[in-house]
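Shown next, in structure tokens, is the structure this report addresses.
No value in this document is a laboratory result; all are computed from the given coordinates. Small disclaimer: the values here were computed from a predicted structure and weren't measured.
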Amino acid sequence: MVRAIIVAAALGGVVAGVAAYTESPPEWWTKPPFDGFDGKAGTAIRSEAWPICTTMTSVAVDADWVQLDPDFKAGKKALAAEDWNGAIAAFELAALRDPLNADTQNYIGYAYRRLRQLGPAIGHYQQALILNPRHRGAHAHLGEAYLVLGEPEKAEQLLAALENLCLIPCDEYGDLKRAIAAYRRLAAR
């Protein structure tokens with residue numbers, strides 16, 4: 001008797017699974033979360049607003065999240081003023097409060113690279129990629145650092161990674177591709 005109940009329950013589960021798979025999904029599967037009671041999108045996040053990765057040019061100085069950390073804001077101002085040591089100091093303070101922020105590591109790496117200190121720059125870019133493997137800016141900046149070191153193969157690997165990350169054309173891919181082409185032209189002379 002117990003076996004018959006178990007077999008019937010298992011068979012019922014299989015039939016329900018096949019029916020759910022072959023029929024159209026219920027309405028609640030296709031609606032975005034938190035869309036309000038009236039069926040209009042209320043608090044749902046638009047897909048274009050989802051942060052995947054950021055670069056130096058795409059992060060607005062007056063973005064709300066930049067305003068939350070005064071050291072991050074000071075670091076952005078120092079970058080704009082080309083005060084590389086000031087940017088490093090400010091971003092390192094910001095990194096103490098938010099050690100999982102890939103943008104902070106990317107910016108520290110950028111400032112070190114501008115000071116021609118490639119060892120620390122590469123270390124910070126790699127840390128940014130550990131924190132966010134999809135960080136386009138870190139891929140591009142690390143590729144440019146490898147070009148300075150005379151390692152175009154590594155830069156091309158990062159370009160290939162950017163090609164996979166940028167489903168539509170992105171600035172980081174174009175910048176690194178142009179840098180590799182310029183490197184190849186200079187190397188051919």
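Remind me, relative contact order of region 52-188 in percent, using alpha carbon pairs under 8 angstrom and six or more residues apart?
On the way: 172 pairs, mean separation 25.6, N = 137.
Normalised by residue count, the contact order of region 52-188 is 19 percent.
Kirkwood hydrodynamic radius of region 52-188 from all distinct Cα pairs, in Å?
Working: mean 1/r = 0.0668 Å⁻¹.
Result for region 52-188, one decimal place: 15.0 Å.
Over all Cα pairs of region 111-189, how is the pair count split among 10 Å bins, expressed in % and running from 0 up to the last occupied bin?
Final binned percentages: 20, 52, 25, 2.
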